[in-house]
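A.B. asks: Can you keep this structure in mind? I'll have questions shortly.
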Amino acid sequence: MRPEVPPLIEKARLLRRDVFSMIHQCGDGHPGAALSITDLLTALYFHVMRVDPQNPDWPERDRFILSKGHGCPSYYAALARRGFFPVDWLPTLRKLGSPLQGHPVMKKTPGVDMTTGSLGHGIPIGAGMAAAGRLAKLDYYVYVITGDGELNEGILWEAVQSAAHMKLGRLIAFVDNNGWQSGGVIKDVSGLTNLAAPFAAFGWHTQEIDGHDFSQILDAIEKAKAEFERPSVIIAHTVKGKGIPFTENDNAWHKRVPNKEELAAALKYLGGS
Amino acid sequence: MDHITAMDKIASTREAFIAGLLDVAPDDPKICLVFADSLKAARATPFTEKYPDRWFDVGICEQNAVAFSAGLASTGLKPFFNTYAGFITMRACEQVRSFVAYPHLNVKLVGLNGGIYGGEREGVTHMVFEEFGILRSIAGMDIVVPADAGQVRKATRALAQREGPGYMRLGSGREPVIFDDAMPFDFGKARVLREYGTDAAIFAVGPILKRAILAAETLAKEGIKTTLVEVHTLKPLDQDTIAEVLRKTRAAVTLEDHNIHGGLGSAVAEVIAEREPATLIRLGLRDVFAESGDAELLFDHFGMGAPHVCKAVKQLVARKRKS
């Protein structure tokens, strides 16, 4: 295990507590989709990305786009714990007047680099950010997390094609490959398999990792960053609802709100009161 | 001096857009161009040759082009995305709404082949006569429809100065020259071009304005005195000027190269309903699809000729006299 990993494991545990608490308090949200990306977000915001929470619009910062915007409770928890805004904003999720919208909104939430929600848009918009960085001769990276079900969207493949053609080597996308989409198992609903192959066919650098193993996540990002001619995709094999035994791999938790007892059980498991 | 020419010349709105960009690009390094394999159609080589780094072509995928432009704009660039108007405003409608307008990003959409004027040779798939209605319903979206090439050049410069999302409709590149070079373009202002009298108002938008001018002149010769208003900025709409004219005339005809639903006619109807009651006849496509053919013949065929304007005005004047 890499030495950076133990504190990241602790941080991810804290974020998962935030996620489950937020969704309980708010009474709405997508716990399964948020929990499968918690480790990726933790690695990005607490080890990899060049950001300054005191200066969220810093032009030289690395960018991040949560293409699967419905996973935002994890994203908000990461931004809050990283210091972009107070942790006590988290319980306001989805409430009138809150800076934390039901899906991410760039001009309402400090640290959110792009508005998302409607699926398929992270890679197209990220390509624009990466192209702009090259034009400005800035060396920032653009990270995107897209869902696996989201790969159904056509616009995503339009951008996979053009980003490769433009040689946007500083664009790094993760596919949160938890195997589920809203209606069920991906292979039943939309038939997608072998997710890396179409990216490779379009000329992307591809890797496949365990999306909950921090050593693998960090290694993969380092390899992707060393690719300057090709955009990179990291197919991260993940577990929907990861981290809480009764939500793992149960698609009922795609959009379900934990009740008081479930919240208490989750917090107990995650190590808190 | 009303700056209206003999209207017997043709000039390209497409070339005028690129000329307008070249006017502002030297002083504004944030300006760039985005294409969806539309560089040729946009007549953009004078820009791309001068600024080889400041343009991007994503291929034939308009949704991607709009989303890509949003990404560029999020870093502070001012992308102008230029392709056929219908493909921007219909195919990429959601990207325009959710990723450009909602975050209020500085993306300018420049639509070629707007209206019948644009798609005369191609047929209905390559025309668009719905986009005013589509875009008017998106919050914070500027919409300008200059009447001729000279106005396009000035409108391009005006759009480049504004923050936030904007749309400009261009045509095929064979639009009539309506104004002389001294005619200014005042973003957001409706302008009274002729004030023969207050029998009725004629409101028009875009190159079809030529027909409204001819109609107003013809009517004047017949003793029917209209006030002719060009509404080149559909959003934000200059409600005050429109309401003021309506207050004096209490009768209005609108003329637009667009479906009568959602565009200028609807916008004027809203001002009538909310501010100054008046009778109204909307001229445009009457909720039908156009077809291939010469643009001027199509306008006559679909009821958008100068004689149609004259007839509508006379109907309103007759109604006024009865009441």
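A.B. asks: From B:313, B:231, B:317, B:245, grab the single residue that is under 24 Å from residue B:143 (Cα atoms) and over 19 Å from the mean Cα position of the chain (by Cα).
C.D. replies: Of B:313, B:231, B:317, B:245, the one residue that is under 24 Å from residue B:143 (Cα atoms) and over 19 Å from the mean Cα position of the chain (by Cα) is B:245.
A.B. asks: Of the residues B:118, B:111, which is within 16 Å of the chain's Cα centre (by Cα), within 30 Å of residue B:265 (Cβ to Cβ) and at pLDDT 95 or above? Step through it out loud before you land on a result.
C.D. replies: On the way: B:118 fails: at pLDDT 95 or above.
Result of the check over B:118, B:111: B:111.
A.B. asks: Something else now. Have a look at A:120, A:169, A:126 and point out the one that is buried (at least 24 other Cβ atoms within 10 Å of the Cβ) and not in a helix (DSSP H, G or I).
C.D. replies: Exactly one of A:120, A:169, A:126 is buried (at least 24 other Cβ atoms within 10 Å of the Cβ) and not in a helix (DSSP H, G or I), namely A:120.
A.B. asks: Filter the range A:204-223 down to residues that are hydroxyl-bearing (Ser, Thr, Tyr) and surrounded by fewer than 18 Cβ atoms within 10 Å (Cβ to Cβ), then give me how many there are.
C.D. replies: Qualifying residue count, the range A:204-223: 1.
A.B. asks: Additional query: Against the conditions (1) part of a strand (DSSP E or B); (2) within 11 Å of chain A (Cβ to nearest Cβ), where does residue B:80 fall short? Just the number, please.
C.D. replies: Answer for residue B:80: the failing condition is (2).
A.B. asks: Kindly provide the set of residues from the range B:139-160 that are within 16 Å of residue B:109 (Cβ to Cβ) and either in contact (Cβ under 8 Å) with a residue 40 or more places away in the chain or in a helix (DSSP H, G or I) (or both), ordered by number.
C.D. replies: B:141, B:142, B:143, B:144, B:145, B:146, B:152, B:155, B:156, B:158, B:159, B:160
A.B. asks: Answer yes or no as to whether residue A:99 is within 17 Å of residue A:143 (Cα to Cα), of a type outside the set (Gly, Ala, Ser) and part of a loop (DSSP other than H, G, I, E, B). Steps first, answer last, please.
C.D. replies: Details: within 17 Å of residue A:143 (Cα to Cα): no; of a type outside the set (Gly, Ala, Ser): yes; part of a loop (DSSP other than H, G, I, E, B): yes.
In short, no.
A.B. asks: Right, another one. Mind checking which residues of the range B:262-292 are more than 14 Å from residue B:234 (Cα to Cα) and either under 15 Å from the mean Cα position of the chain (by Cα) or crowded, with 16+ Cβ neighbours inside 10 Å (or both)? Break it down into steps so the answer makes sense when it comes.
C.D. replies: So the first thing to find is which residues in the range B:262-292 are more than 14 Å from residue B:234 (Cα to Cα), and the list is B:272-292.
Hits for the range B:262-292 are B:272, B:276, B:278, B:279, B:280, B:281, B:282, B:283, B:284, B:285, B:290.
This table checks each residue for (1) out of contact with any Gly (no Cβ under 9 Å at 6 or more places or on another chain); (2) in contact (Cβ under 8 Å) with a residue 60 or more places away in the chain; (3) in a helix (DSSP H, G or I).
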site	(1), (2), (3)
B:56	no, no, no
B:65	no, no, yes
B:72	no, no, yes
B:87	no, no, yes
B:94	yes, no, yes
B:98	no, no, yes
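A.B. asks: Scan (1) modelled with pLDDT of 95 or more; (2) part of a helix (DSSP H, G or I); (3) out of contact with any Leu (no Cβ under 6 Å at 6 or more places or on another chain) for the single condition residue B:163 breaks and write down its number.
C.D. replies: So residue B:163 meets the others, but not (2).
A.B. asks: Can we say residue B:17 is of a type outside the set (Val, Ile, Thr) and more than 21 Å from residue B:99 (Cα to Cα)?
C.D. replies: Judged against the criteria, residue B:17 is a match.
A.B. asks: Hey, another quick one. Could you please let me know if residue B:219 is under 16 Å from the mean Cα position of the chain (by Cα) and hydrophobic (A, V, I, L, M, F, W, C)?
C.D. replies: So residue B:219 fails the test.
A.B. asks: Restricting to the range A:52-85, count the residues that are out of contact with any helix residue (DSSP H, G or I) (no Cβ under 7 Å at 6 or more places or on another chain) and outside any helix (DSSP H, G or I).
C.D. replies: Total meeting the criteria: 12.
A.B. asks: It is to be established whether one or more residues within the range B:80-90 are surrounded by fewer than 21 Cβ atoms within 10 Å (Cβ to Cβ) and either outside the structural domain of residue B:206 (by TED's automatic domain parsing) or hydrophobic (A, V, I, L, M, F, W, C) (or both).
C.D. replies: yes
A.B. asks: If residue B:287 meets every condition in (1) more than 23 Å from residue B:85 (Cα to Cα); (2) modelled with pLDDT of 95 or more; (3) of a type in the set (D, E, K, R) apart from one, which number is that one?
C.D. replies: The number of the failed condition is (1).
The values are calculated or read from the model by the stated rules, or taken from the named source; none is laboratory data. Given the structure is predicted, the values throughout are model-derived calculations rather than measurements. FYI the Cβ positions are ideal-geometry reconstructions off the backbone, even for glycines, and counts take in every protein chain you see.
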